[in-house]
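Scroll down for the structure; my scribbles are underneath it.
The numbers here are math on the coordinates, done by the rules we state, and not lab data. Quantities reported herein were computed from a predicted structural model and do not represent experimental measurements. Backbone-built Cβ (ideal geometry, glycine too); neighbour counts: all protein chains shown.
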Amino acid sequence: MISNEDALRFASEWTEAWNSHDLDRILAHYTDDFEMSSPVIASLMNEPTGTLRGKQAIRDYWAKALERQPALRFELIDVFTGAHSIVVHYRGPRGLGAEAFWFDPSGKVYQAAAHYGAAQREAEHVRVP
């Protein structure tokens with residue numbers, strides 16, 4: 001079971017790592033063979049499944065993402081705790097987002113999935129007369 005304290009600690013460390021733009025610091029939270037899913041993977045990496053596996057493939061993706069977003073910053077909003085997973089709700093360069101993380105027994109992330117606000121994206125396409 002993941003305690004609220006552990007979830008908050010992870011979310012804080014994860015946010016700080018991303019805000020540092022230090023890929024080694026970011027990747028330290030993950031197992032070597034972790035799996036990452038995101039709609040951005042499909043567009044940025046031309047991967048139709050939206051999923052990458054392994055630190056090297058995901059390092060390449062995140063390096064490309066950081067290059068395109070040099071001012072990338074995450075603001076932690078909330079953390080939701082499950083039995084073996086957490087969801088981090090944040091504000092980032094795409095607006096509101098949430099990322100789900102599943103942990104192995106050692107406390108490392110073996111699977112993660114990013115989600116972005118559909119209502120916000122839809123509102124961006126609505127034109128006000």
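Some values worked out for this structure:
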read-out	value
The chain: most fluctuating residue of Glu35, Glu47, Glu13 per GNM, C-alpha cutoff 10 Å	Glu47
Where N is the number of residues in the chain, Cα Rg divided by 2.2 N^0.38 Å	1.06
Global geometry of the range 17-83, whether rounded, prolate or oblate, following the gyration tensor of its Cα atoms and the 1.5 cut on a/c	rounded
Rough spin-label spacing in nm, given labels placed 7 Å along Cα→Cβ, for Ala42 and Arg59	2.8 nm
Estimated vicinal HN-Hα couplings, Hz - the range 101-112 in sequence order (Karplus 6.51, -1.76, 1.60; Gly, Pro = x)	10, 10, 10, 7, x, 7, x, 9, 7, 10, 8, 9
Helical contribution to [θ] at 222 nm, DSSP H n ≥ 4, -39,500 (n - 2.57), averaged over the chain, rounded to 500	-11500 deg cm²/dmol
Per-residue Cβ neighbour rank within 10 angstrom, fewest leading, Val79, Val40	Val40, Val79
Euclidean distance of C-alpha centroids, the range 1-42 and the range 56-117, integer Å	6 Å
